[in-house]
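Below is one structure, written out as structure tokens; comments come after it.
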Amino acid sequence: MYMVEVENVWKSYQDGDVENKVLKDVNLQVEEGEFVAILGQSGSGKSTLLNLIGCLDEANSGRIILDGKVCKSQSDKVMSQYRRSLLGFVFQSFNLIPVLSVWENVVLPIQFDKKEVDSAYITEILKSLEIYDKKDSLPSKLSGGEQQRVAIARALANRPRIVLADEPTGNLDSETGEAVLDLLISSLKKYGQTLIMITHNKEIAARADRILTMKNGKLDENLGQAG
């Protein structure tokens, strides 16, 4: 069974009288534990695809299947709980809450679900990402690389099966971005997650198990194999 399946997905947005077709009959299968990178120019549809996989938006037609279950539109509360239980999100903007410490930012998704925080597990994540010594610091006291590591820790805090990353190193210099990617990949291997990452950086994409290219709303059928 695949961890992520995208079946014949179409997505369009209405702009006045004009229908803008963003995704055109997209199909994708991702195995458990696989790291897939998606390349593509701005406006090619790759972020829209990631949002659909993350159940943040709905396709006009087709299906998104995550861990064997079809992603169906339900109430905001139910969908939020569903996303937190299965998915971890890492975005280009860190989206940290400025008045909360590193530790508080990381455990926030767990507290939303009124679950008990596994302090040993959170400590392990922070240590593996080399930010445990910053656990009491506010985001404003951190470097860009450190803030992105906090965002990664938060994405892993709920033990998600699938991690979705949209240009996670886009705001970082090349050296810091490479270091963050190293830590993200090692963490994913350690905890057995599946990773789908959008990037424009071919060097970063080359670290993936598989590379796909999005162009004009379609995934390139000639999939480049990484490595």
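The values are calculated or read from the model by the stated rules, or taken from the named source; none is laboratory data. Keep in mind the model is a prediction, meaning the values are calculated, not measured. Here the Cβ is made from the backbone with ideal geometry for all residues, glycine too, and neighbour counts use every protein chain on show. Remember, those area values only see protein heavy atoms, side chains included, never the ligands or the DNA or RNA. Shrake-Rupley method; radii C 1.70, N 1.55, O 1.52, S 1.80 Å.
Probe of 1.4 angstrom, ligands and nucleic acids ignored: what's the accessible area per residue over the chain, in square angstrom? Spell out each step's value before the answer.
Values: 11610 Å² over 227 residues.
Here the per-residue accessible area is 51 Å².
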Assigning unit charges at the beta carbon (Lys, Arg +1; Asp, Glu -1) and nothing else, what dipole magnitude in debye, to the nearest 20, does the chain show about its Cα centre?
-> 400
Mean projected area (nm²) of the alpha-carbon convex hull when the stretch 93-227 is viewed from all directions = 9.0
At q = 0.16, 0.19, 0.30, 0.31 Å⁻¹, what is the base-10 log of I(q)/I(0) for the stretch 137-186 according to the Debye formula with one equal point scatterer per Cα and no solvent? Please give it to two decimals.
-> -0.45, -0.63, -1.26, -1.30
Taking the dipole of the stretch 1-157 about the Cα centre (Lys, Arg +1; Asp, Glu -1; charges at Cβ), the one of L50, Q81, G68 that reaches farthest to the positive side is Q81
Take the solvent-accessible surface of the protein heavy atoms, probe 1.4 Å, and return the percent of it on the chain that carbon and sulfur atoms account for.
-> 44
When N is the residue count of the chain, what does its C-alpha Rg come to as a fraction of 2.2 N^0.38 Å?
-> 1.01
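Kyte-Doolittle cut-off -0.5, length cut-off 24 Å along the helix's own axis using Cα: show which whole DSSP H helices in the chain pass. The partial results should precede the final answer.
On the way: long enough: 174-191 (25 Å, 0.14).
Helices meeting the criterion: 174-191.
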What residue among M214, M79, M197 has the largest mean-square fluctuation in a Gaussian network model of the chain, using Cα springs under 10 Å?
-> M79
Can you give the net charge of the other residues whose Cβ lies under 13 Å from the Cβ of I196, counting K and R as +1 and D and E as -1?
-> -4
Accessible area of R159, 1.4 Å probe, to the nearest 10 Å²?
-> 120
Within a Gaussian network of the chain (alpha carbon springs, distance under 10 Å), most fluctuating of Y132, Y13, Y121 = Y13
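Which net charge results for the neighbourhood of N216, defined as the other residues with beta-carbon distances under 10 angstrom from its beta-carbon, given Lys and Arg at +1 and Asp and Glu at -1? Mind dumping the intermediate values first?
Numbers: positive: K21, K24, K215, K218; negative: none.
So the environment of N216 carries a net charge of +4.
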Where in the stretch 172-208 does the label zone of E130 land, with the point 7 angstrom along Cα→C-beta and an amide N cut-off under 12 Å?
-> 175-184
At most 13 other Cβ atoms within 10 Å and a DSSP loop assignment: could you name the GluC sites (Glu not before Pro) in the stretch 133-224 that fit?
-> E221
